[in-house]
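In what follows, a structure is listed as structure tokens, so that the remarks can point back to it.
The values are calculated or read from the model by the stated rules, or taken from the named source; none is laboratory data. It should be emphasised that the depicted structure is a prediction, and the values quoted were computed from it without experimental measurement. A quick note on method: Cβ atoms are made from the backbone with ideal geometry, for glycine too, and the neighbour counts reach across all protein chains shown. In case anyone asks, the SASA skips ligands and DNA or RNA and just uses the protein heavy atoms, side chains included. Shrake-Rupley method; radii C 1.70, N 1.55, O 1.52, S 1.80 Å.
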Amino acid sequence: MDTQSSSLHEERLDRVATLIRGSGARSVLDLGCGSGSLLRRLVREPAYTAITGLEQSGLSLRQARAMLVEVAAAESRVSLLQGSYMDPGLNLTGFDAAAMVETIEHVSPGRLSEVQRAVFEHYRPGWLILTTPNAEYNPLFGLHPGELRDPDHRFEWNRDKFRKWCSSTARQSGYQVRFSGIGEEDREFGPPTQVAIFSRPGE
């Protein structure tokens, strides 16, 4: 699964970067930026005037900083913050677009309401893309029933549960949402990665 996972990860990041570029955003917030793989792609785009990465892991943030040092013009446009996107006290409002790439499945299910309040009701980016594993696809990766793709995952949604959570969050928070997938789609199990794109009416 390692080679498949690595290839899918790169495809996922490329697709997210392309979707953000197509949104017309000038300021971008990467919620759960990890070691900066998406930030590296975003900083190549001169259209973005402000890029902020938020990450809870200090080690991952150090890796992101080290990576960005090597990228010309990154210093003036990129900010890195340590913290959790479940914290509504962070000053992360006013962004045109935001990304949550393979991060929400690391949150305990009982705390998903905190994600909704902080991200969709407090930060309120104009546009947000969220990706997460499609649990139905896992057998095609050789996983047993109930086995998760990563030991740090707290859950993995099937397509129905994902769409219900996203649709409910959008409805309660004043967003519209549309769905797609990333990776080779199976006729029965769907795509390996499921995607929700949230937008506020008029954005």
Pairs returned, first residue in the range 121-136 that is among the hydroxyl-bearing types (Ser, Thr, Tyr), second residue that is assigned to a helix (DSSP H, G or I) and open to solvent by less than 30 Å² (accessible area, probe 1.4 Å), beta-carbon separation under 8 angstrom, 6 or more apart or interchain, are 131/12; 131/16; 132/104; 132/105; 132/162
If I filter the range 81-104 down to residues being touching a residue at least 40 places away in the same chain (Cβ under 8 Å) and in a loop (DSSP other than H, G, I, E, B), which single residue comes out as farthest from the chain's Cα centre (by Cα)? 94
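Condition check: in a helix (DSSP H, G or I) and open to solvent by 20 Å² or more (accessible area, probe 1.4 Å). Does residue 14 satisfy that? Working first, answer last.
Working: in a helix (DSSP H, G or I): yes; open to solvent by 20 Å² or more (accessible area, probe 1.4 Å): yes.
Spelling it out, residue 14 is indeed in a helix (DSSP H, G or I) and open to solvent by 20 Å² or more (accessible area, probe 1.4 Å).
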What is the number of the single condition among (1) modelled with pLDDT under 95; (2) under 26 Å from residue 112 (Cα atoms) that residue 76 does not meet? (2)
If the Cβ limit is 6 Å and pairs must be 6+ apart or interchain, which residue in the range 189-203 that is at positive phi pairs with which residue that is in a loop (DSSP other than H, G, I, E, B) and modelled with pLDDT of 95 or more? 190/134
Among the residues that make up the range 130-147, is at least one of them under 17 Å from the mean Cα position of the chain (by Cα) and under 19 Å from residue 87 (Cα atoms)? yes
Any idea which of (1) outside any strand (DSSP E or B); (2) surrounded by 14 or more Cβ atoms within 10 Å (Cβ to Cβ); (3) modelled with pLDDT of 95 or more is the one residue 67 doesn't satisfy? (3)
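Name the strands (runs of 3 or more DSSP E) wholly inside the range 116-203 in which the number of residues that are within 22 Å of residue 17 (Cα to Cα), open to solvent by less than 10 Å² (accessible area, probe 1.4 Å) and modelled with pLDDT of 95 or more is 2 or more. If you could, list the steps in order and put the result at the bottom.
On the way: elements: 127-133, 176-182, 193-199.
Strands (runs of 3 or more DSSP E) meeting the threshold: 127-133, 193-199.
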Enumeration of residues in the range 81-115 that are surrounded by 19 or more Cβ atoms within 10 Å (Cβ to Cβ) and among the acidic types (Asp, Glu): 96, 102, 105
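Quick one: would you say residue 175 is farther than 24 Å from residue 34 by Cα, in contact with a Ser or Thr (Cβ under 8 Å, 6 or more places away or on another chain) and of a type outside the set (A, V, I, L, M)? Break it down into steps so the answer makes sense when it comes.
Values: farther than 24 Å from residue 34 by Cα: yes; in contact with a Ser or Thr (Cβ under 8 Å, 6 or more places away or on another chain): yes; of a type outside the set (A, V, I, L, M): yes.
Spelling it out, residue 175 is indeed farther than 24 Å from residue 34 by Cα, in contact with a Ser or Thr (Cβ under 8 Å, 6 or more places away or on another chain) and of a type outside the set (A, V, I, L, M).
Could you check the range 17-52 and list, in sequence order, the residues that are of a type in the set (Val, Ile, Thr) and either within 12 Å of the chain's Cα centre (by Cα) or open to solvent by less than 40 Å² (accessible area, probe 1.4 Å) (or both)?
Step one: of the range 17-52, the residues of a type in the set (Val, Ile, Thr) are 18, 20, 28, 43, 49, 51-52.
Listed by number, the residues that qualify are 20, 28, 43, 51, 52.
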